[in-house]
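Asker: Right, I'll just put the structure down here and ask away after.
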Amino acid sequence: MTLPATVAELVRDFRANGRIVIVGASLAGLRAAEALREEGFTGSLTIIGDEPYEPYDRPPLSKQVLKGWVPADHTKLPRMREVDADWRLGVAATGLDRAAKQVRLADGEQVPYDRLLIATGTRARQWPNPTEAALQGVHTIRSRDDAARLRAALAEPPSRVLVIGAGFIGSEVASVCRELDIPVTVVERGSAPLVGALGGVIGEIAAQMQRDHGVDLRCTLGVSSLEGDSAGHVRRARLSDGTVVDADVVVASLGSIRNVEWLEGSGLAAGFWGVGCDAGGRAFDINGVVTDSIYVAGDVARAPHVLYEYEFLAMEHWDNAVFGAEVAAHNMVNLEPHYRPHLLVPGFWSGQFGVNIKSVGVPPFGDEIVFTQGSVAGRSFAAAYGHRGRIVAAVTFDHGKWLEHYGKLIERSAPFPPPPPGWDRPPDMKPMPAEFPEPGVPTEVPDVVLTGHAPSERTAEFRPRRH
Ligand SMILES: Cc1cc2nc3c(=O)[nH]c(=O)nc-3n(C[C@H](O)[C@H](O)[C@H](O)COP(=O)(O)OP(=O)(O)OC[C@H]3O[C@@H](n4cnc5c(N)ncnc54)[C@H](O)[C@@H]3O)c2cc1C
């Protein structure tokens with residue numbers, strides 16, 4: 001047999017009899033499992049998840065669940081097809097032995113694999129003072145249990161909620177509070193809400209929107225400490241300007257931490273921004289060499305993107321988890337000439353204060369912004385972001401039907417400012433600075449992060465292999 005014929009035979013055998021292990025039983029893990037079966041993989045499939053639940057959907061947790069429209073345990077992800085798999089739920093992976101090709105579990109079991117998918121996502125960053133974080137009434141929101149607890153607290157209702165951090169999730173929580181007629185204070189270290197994700201120009205609009213809905217918004221301030229009563233329930237917060245906010249529910253919305261600790265010592269390129277991989281989802285080792293048998297998808301992955309000058313993108317987006325998982329699954333069971341890249345143009349949506357906010361592309365890659373459609377005063381508009389004369393992202397407020405149009409321009413690297421697409425063009429279409437904070441200036445953490453090469457940026461922390 002020729003070498004290509006032998007390789008093809010090996011891949012055929014792997015598809016029939018191989019062993020694939022997926023660590024992380026959530027959106028990326030489930031979609032990868034479905035895609036593997038769809039691709040015709042009939043070997044053994046093991047899915048390991050530290051949560052006790054079947055995969056569920058997170059976006060409704062900070063929206064419909066908090067409002068009380070949907071119970072937290074009614075968020076199970078719909079199944080796209082049957083998945084014949086060995087589900088190991090409620091047990092964490094605690095280590096990876098690449099030489100023996102085994103995943104170590106918290107209960108001591110070793111699970112062997114031929115190919116492994118890492119889909120361990122992120123977790124909520126906790127309030128940094130552990131004693132204060134342990135006060136009753138202090139919440140974070142990542143899991144369905146978190147959402148159920150916060151929903152119960154909001155239903156009481158509290159006299160005031162304090163939200164620390166005005167990123168997408170913090171802003172959504174504040175919006176729900178106002179819908180429920182609960183007084184809410186939002187404290188944000190940056191100059192405005194959403195400033196890390198969408199820049200200062202859009203941040204100012206978001207700030208006005210919050211204030212118009214009765215949010216007590218305090219920007220360029222931090223929370224210095226949380227204080228509880230004698231029963232251990234949070235009662236107030238001291239801010240960095242010396243003022244005090246009385247609140248009996250505190251939601252720390254401080255961004256997320258990648259779940260990579262279990263990979264310590266594995267020799268993979270795992271660090272602060274996740275696990276480095278190529279555009280096909282194949283994990284890099286600590287030296288930047290691509291591995292053959294380990295793949296990464298979802299929030300925990302960071303990969304170079306051709307549209308963004310090959311900078312590494314770490315994306316905490318629903319679409320990214322779904323498409324990244326499908327690409328990784330395809331590549332796991334196909335021959336190299338048929339590998340696919342995961343070159344999704346990132347997209348995000350958020351509902352807050354009655355407005356549907358959507359973005360496409362990577363806004364923080366842009367340094368200029370121009371309003372291209374609609375009216376800022378009417379909170380119904382589209383704006384495009386530019387970098388070096390080309391369009392790299394767009395954001396819409398209640399103008400989502402136009403997003404596809406901007407997505408196509410971004411894919412083509414069309415010139416910036418783009419020609420006005422619609423009849424509702426604003427009178428002034430002058431580009432202006434998008435006002436993203438300098439790297440290193442503390443803000444809420446954006447959900448698409450460029451983790452590339454600039455020395456001022458925080459990049460993956462490569463750790464030496466432990467012997
Ligand atoms: C409140 C909230 C609102 C959101 N809203 C939106 C939105 O409006 N739009 C949008 O695009 N995106 C939104 N997102 C983001 C979106 O939900 C994520 O991008 C998506 O969940 C990522 O899927 P994932 O499978 O990569 O990671 P995750 O969903 O984080 O899943 C990873 C899983 O792996 C498990 N795990 C971690 N470590 C281990 C281990 N060692 N062993 C075993 N299992 C482990 C975790 O417990 C978890 O179950 C929201 C997220 C949250 C939390």
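Asker: Any residue in segment 15-38 that is within 22 Å of residue 315 (Cα to Cα) and near the ligand (Cβ under 6 Å from one of its atoms) sitting within a Cβ distance under 6 Å of a residue that is in a helix (DSSP H, G or I) and among the hydrophobic types (A, V, I, L, M, F, W, C)? List the pairs, counting only those 6 or more apart or interchain.
Answerer: What qualifies is 27/321; 28/321; 28/325.
Asker: Okay, moving on. When segment 335-350 is examined, which residues are found to be surrounded by fewer than 17 Cβ atoms within 10 Å (Cβ to Cβ), in contact with a helix residue (DSSP H, G or I) (Cβ under 9 Å, 6 or more places away or on another chain) and farther than 17 Å from residue 298 by Cα?
Answerer: 335, 336, 338, 339
Asker: Can you give me the number of residues within segment 299-319 that are touching a helix residue (DSSP H, G or I) at 6+ places or on another chain (Cβ under 7 Å), of a type outside the set (Asp, Glu) and surrounded by 23 or more Cβ atoms within 10 Å (Cβ to Cβ)?
Answerer: 1
Asker: So, one more: Could you run through segment 168-195 and say how many residues are open to solvent by 10 Å² or more (accessible area, probe 1.4 Å) and touching a residue at least 60 places away in the same chain (Cβ under 8 Å)?
Answerer: Filtering segment 168-195 down to residues open to solvent by 10 Å² or more (accessible area, probe 1.4 Å) leaves 168-169, 178-181, 183, 189, 191.
So of that shortlist, the ones also touching a residue at least 60 places away in the same chain (Cβ under 8 Å) come out as 168-169, 178-180, 189, 191.
So the count comes out to 7.
Asker: Can you tell me which residue among 380, 359 is more than 13 Å from the ligand (Cβ to nearest atom) and open to solvent by less than 40 Å² (accessible area, probe 1.4 Å)?
Answerer: Working: 359 fails: more than 13 Å from the ligand (Cβ to nearest atom).
Of 380, 359, the one residue that is more than 13 Å from the ligand (Cβ to nearest atom) and open to solvent by less than 40 Å² (accessible area, probe 1.4 Å) is 380.
Asker: Are any of the residues in segment 142-155 away from the ligand (no atom under 13 Å from the Cβ), at pLDDT 95 or above, open to solvent by 30 Å² or more (accessible area, probe 1.4 Å) and part of a strand (DSSP E or B)?
Answerer: No - not one qualifying residue is present in segment 142-155.
Asker: For segment 83-119, what are the residues that are within 9 Å of the ligand (Cβ to nearest atom), within 25 Å of the chain's Cα centre (by Cα) and assigned to a loop (DSSP other than H, G, I, E, B)?
Answerer: 91, 92, 119
Asker: Run down 60, 78, 52 and say which single residue is part of a helix (DSSP H, G or I) and of a type outside the set (A, V, I, L, M). If you could, list the steps in order and put the result at the bottom.
Answerer: Values: 78 fails: part of a helix (DSSP H, G or I); 52 fails: part of a helix (DSSP H, G or I).
Selected residue: 60, the only one of 60, 78, 52 that is part of a helix (DSSP H, G or I) and of a type outside the set (A, V, I, L, M).
Asker: Another question, if that's okay. Of all the residues that make up segment 248-268, how many are of a type in the set (A, V, I, L, M, F, W, C), in contact with a helix residue (DSSP H, G or I) (Cβ under 7 Å, 6 or more places away or on another chain) and closer than 30 Å to residue 183 by Cα?
Answerer: Narrowing segment 248-268 to residues of a type in the set (A, V, I, L, M, F, W, C): 249-252, 254, 257, 260, 262-263, 268.
Still in the running and in contact with a helix residue (DSSP H, G or I) (Cβ under 7 Å, 6 or more places away or on another chain): 249, 251, 260.
Adding the requirement that they be closer than 30 Å to residue 183 by Cα leaves 249, 251.
Residues in segment 248-268 being of a type in the set (A, V, I, L, M, F, W, C), in contact with a helix residue (DSSP H, G or I) (Cβ under 7 Å, 6 or more places away or on another chain) and closer than 30 Å to residue 183 by Cα: 2 in total.
Asker: Of the residues 214, 242, which single one is in a loop (DSSP other than H, G, I, E, B) and in contact with a helix residue (DSSP H, G or I) (Cβ under 8 Å, 6 or more places away or on another chain)?
Answerer: Among 214, 242, only 214 is in a loop (DSSP other than H, G, I, E, B) and in contact with a helix residue (DSSP H, G or I) (Cβ under 8 Å, 6 or more places away or on another chain).
Asker: Restricting segment 120-141 to residues that are part of a strand (DSSP E or B) and more than 16 Å from the ligand (Cβ to nearest atom), which is most open to solvent (accessible area, probe 1.4 Å)?
Answerer: Here the answer is 136.
Asker: On to the next question. I want to confirm something. Restricting to segment 298-333 and keeping residues that are modelled with pLDDT under 95, out of contact with any Pro (no Cβ under 7 Å at 6 or more places or on another chain) and in a loop (DSSP other than H, G, I, E, B), which single residue is farthest from the ligand (Cβ to nearest atom)?
Answerer: So, considering only residues that are modelled with pLDDT under 95, out of contact with any Pro (no Cβ under 7 Å at 6 or more places or on another chain) and in a loop (DSSP other than H, G, I, E, B), the one farthest from the ligand (Cβ to nearest atom) is 309.
Asker: May I ask you to list the residues in segment 415-430 that are at pLDDT 90 or above, part of a loop (DSSP other than H, G, I, E, B) and surrounded by fewer than 16 Cβ atoms within 10 Å (Cβ to Cβ)? Can you show your working first?
Answerer: In the first step, residues of segment 415-430 are kept if they are at pLDDT 90 or above; the result is 415-418, 430.
Checking which are part of a loop (DSSP other than H, G, I, E, B) leaves us with 416-418, 430.
Result: 430, single match.
Asker: Check 227, 188, 204 and return the single one that is within 25 Å of residue 58 (Cβ to Cβ) and either among the acidic types (Asp, Glu) or at pLDDT below 95 (or both). Talk me through it step by step, then tell me what you get.
Answerer: Working: 227 fails: within 25 Å of residue 58 (Cβ to Cβ); 204 fails: within 25 Å of residue 58 (Cβ to Cβ).
On inspection, the qualifying residue turns out to be 188.
The values are calculated or read from the model by the stated rules, or taken from the named source; none is laboratory data. Note that this is a predicted model, so its numbers are computed, not measured. So basically every Cβ, Gly included, is an ideal-geometry build from the backbone, and we count neighbours across all protein chains shown. Each accessible area value is taken on the protein alone, full model and side chains, heavy atoms only, with ligands, DNA and RNA left out. Shrake-Rupley method; radii C 1.70, N 1.55, O 1.52, S 1.80 Å.
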